[in-house]
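This report concerns only the one structure given below.
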Amino acid sequence: MAAATAAGAAAAAAAVSLITCYLLFHNSILKVPWARTARPSCASGRRTRRRGLVEAIGNTPLIRINSLSDATGCEILGKAEFLNPGGSVKDRVAVKIIEEALESGDLISGGTVTEGSAGSTAISLATVAPAYGCRCHVVIPDDAAIEKSQIIEALGATVERVRPVSITHRDHFVNIARRRALEANKLAAEQRESNETGTNGLAHVNSKMTDDKLATLQSESKKTQNNDPARVSTEMPHSSKCDPSSDSKGGFFADQFENMANYRAHYEWTGPEIWEQTKGSLHAFVAAAGTGGTIAGVSRYLKEKKRSIKCFLMDPPGSGLFNKVTRGVMYTKEEAEGKRLKNPFDTITEGIGINRVTRNFMMAELDGAYRGTDREAVEMSRFLLRNDGLFVGSSSAMNCVGAVRVARDLGPGHTIVTILCDSGMRHLSKFFNDQYLADHGLTPTATGLEFLDK
């Protein structure tokens, strides 16, 4: 009996202890606004169930990166975009591009979305397209991590790997993707004409795909090629180019670099989430840019909400955006990209850095820029893995380098937000490959953040 009483007393004491710890922890959480975002509940009226894949995209958590926050005296928060269904921030862009194209009639259910991408956007399009009844054709540079094209193929998309060349070259992966959409539209028009004349029984295609639209697309396709002296094709043999025996519903070129749906995805979606999750109590936002959609949409939204929020670009090696932001010039005359026939980027990071100003990037409102190195990105990725359990890709690591630089410049007591674009899972063959890093003299050696000390 005494034993039972003792056991009961011990259980009661344990329960009281747990409740006390919970209350203390709960109260401490309430001191920081981004931790107050509770899980959706029925009482709150927010969805606890999502209707399909598309509704599961977004509303990603804002994570306090403890190691960087403690080291700088600032609150450094990462928007965990790698938790989207497609594994990256590009899920938002894929949804917005496809939905706007369907609404405008430029794309119909059963049509093919084409895109030139170094990986993440392609993966997101391949993930999202089937949810809208569409197919996906991706053109990817062959120097991108091999696992990216393997993922895209596993998702059911057609993958075309090509050699990297200047954007002004007709066979740049973006220009080839544009041509694939043209080919699909031409095939659809031919099938429609044949069907109308009764020569075969192929299915109807969207009548909106007119000859005028084809001419416009062809004109746009030539814009970046007019001054290109090189006409030797670098396009690799591809067996799936608009199979004439297939029932074509036409193609739509996603054009993530120039399609303003990219910017709108972040202005209407990512930016508002960051504002809500921080309750507006942030001092700075920093991110790298590839297409420019993320940094443009988020920076413009945050600036409109509070002008005092500072927004910064983080630029990798080989990119001209740092000079554009800080000096107003993209690159010197002798570095003009039109004279290059090889990949202009000298970096192992993927998906960030560019030597032209896109329509999306033009919308950015920036207060300054920082420049990072490959070594800093590599060391940061390992530091985050060791200290926070965060397994992030190269662009996310570069963003965190930028967040520390901003924190050091602003001083302790500030809140800085950045984007954790994707995880390290799609960077295994290069960024997380010991031999690859050793071959490039980038074997990580740091034990702390000393690699950021000037």
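The values are calculated or read from the model by the stated rules, or taken from the named source; none is laboratory data. Because the structure is predicted, anything quoted here is derived from the model rather than measured. Using ideal geometry, Cβ is built from the backbone for each residue, glycine included, and neighbour counts are taken over all protein chains shown. The protein model used for the area step is the full one, side chains on, heavy atoms only, and it has no ligands, DNA or RNA in it. Shrake-Rupley method; radii C 1.70, N 1.55, O 1.52, S 1.80 Å.
For the stretch 412-430, what are the residues that are hydrophobic (A, V, I, L, M, F, W, C) and modelled with pLDDT of 95 or more?
ILE416, VAL417, ILE419, LEU420, CYS421, listed by residue number.
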Q) in contact (Cβ under 8 Å) with a residue 12 or more places away in the chain, at negative phi and over 18 Å from the mean Cα position of the chain (by Cα): does that describe PRO130? A) yes
Q: Could you grab the pairs with beta carbons closer than 6 Å, sequence gap of 6+ or different chains, first residue in the stretch 396-422 and open to solvent by 10 Å² or more (accessible area, probe 1.4 Å), second one assigned to a helix (DSSP H, G or I) and modelled with pLDDT of 95 or more?
A: CYS421/GLU81; CYS421/SER395; CYS421/SER396
Q) Looking at the stretch 74-93, is at least one residue of a type in the set (D, E, K, R), free of Cβ contacts under 8 Å to residues at least 40 places away in the same chain, open to solvent by less than 10 Å² (accessible area, probe 1.4 Å) and not in a loop (DSSP other than H, G, I, E, B)? A) yes
**Q.** ILE76, sole failed condition from (1) within 18 Å of the chain's Cα centre (by Cα); (2) at pLDDT 95 or above
**A.** (1)
**Q.** Matching residues in the stretch 301-311 - criterion: being open to solvent by 10 Å² or more (accessible area, probe 1.4 Å) and touching a helix residue (DSSP H, G or I) at 6+ places or on another chain (Cβ under 6 Å)
**A.** TYR301, LYS305
Q: Kindly provide the set of residues from the stretch 99-126 that are open to solvent by less than 30 Å² (accessible area, probe 1.4 Å) and assigned to a helix (DSSP H, G or I), ordered by number.
A: ALA101, SER120, THR121, ALA122, ILE123, SER124, LEU125, ALA126
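Go through the residues of the stretch 442-451 one by one and say whether even a single one is in a helix (DSSP H, G or I), closer than 19 Å to SER67 by Cβ, in contact with a helix residue (DSSP H, G or I) (Cβ under 8 Å, 6 or more places away or on another chain) and among the acidic types (Asp, Glu).
No, the stretch 442-451 contains no residue that is in a helix (DSSP H, G or I), closer than 19 Å to SER67 by Cβ, in contact with a helix residue (DSSP H, G or I) (Cβ under 8 Å, 6 or more places away or on another chain) and among the acidic types (Asp, Glu).
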Q. So how many residues does the stretch 277-297 have that are assigned to a helix (DSSP H, G or I), open to solvent by less than 10 Å² (accessible area, probe 1.4 Å) and either touching a His at 6+ places or on another chain (Cβ under 7 Å) or of a type outside the set (Ser, Thr, Tyr) (or both)?
A. 4
Q: Scan the stretch 127-145 residue by residue and report those that are closer than 19 Å to GLY393 by Cα, assigned to a strand (DSSP E or B) and out of contact with any Pro (no Cβ under 7 Å at 6 or more places or on another chain).
A: ILE140
